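None of the figures in this text is laboratory data; all of them are computed from the coordinates on show. Here the structure is a predicted model, which means the values were calculated and not measured. Backbone-built Cβ (ideal geometry, glycine too); neighbour counts: all protein chains shown.
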Amino acid sequence: MQLRQMKSHFAILTFMFALCACAHTSKLYQPMVVRIAEISIDSTYLNQYTSILKENAAASVRLEPGVIAIYPMFQKEKPWEIRILEIYASKQAYEAHLQTPHFKNYKTSTLHMVKSLRLVDMEAIDRATMRQIFRKIGR
């Protein structure tokens with residue numbers, strides 16, 4: 001893995017852990033659902049796919065209180081290799097997301113474009129330390 005990709009992955013994971021840290025310290029703590037979706041797209045459909053993905057991600061964050069982040073990105077040297085950082089406030093928020101019209105539209109309209117999909121469930125290693133990131137982001 002190239003140094004640039006390693007730095008990118010580290011930044012994403014650091015951001016994810018920070019979000020987990022803040023949620024974990026809440027008195028109303030519910031385990032968050034955090035995952036990275038690894039998606040390989042047929043390059044023929046790349047522009048169409050990314051357009052639909054951007055629309056779904058924006059709608060999910062804007063319309064769903066339980067969606068903390070849906071952050072799509074791609075590998076610079078392989079733009080058809082998509083990664084999505086997904087963070088939901090709870091399992092119930094994740095399950096509700098799956099039932100929304102915008103998610104169902106995304107899923108059905110892009111199904112033929114996806115060559116492979118792998119969902120990787122994640123967990124923070126050090127929640128307490130990661131709160132510092134939010135202090136920096138808020139400045």
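Ranking HIS97, HIS112 by Cβ neighbours within 10 Å, fewest first, what do you get?
In order of increasing Cβ crowding within 10 Å: HIS112, HIS97.
What does the highest-first list of 81-94, 56-69 look like by mean Cβ count within 10 Å?
Going from most to least packed, we get 81-94, 56-69.
Return the ratio Rg/(2.2 N^0.38 Å) for region 28-124, where Rg is computed over Cα atoms only. Before the final figure, lay out the partial values.
Working: Rg = 13.3 Å, N = 97, 2.2 N^0.38 = 12.5 Å.
Relative to the 2.2 N^0.38 Å estimate, region 28-124 comes out at 1.06.
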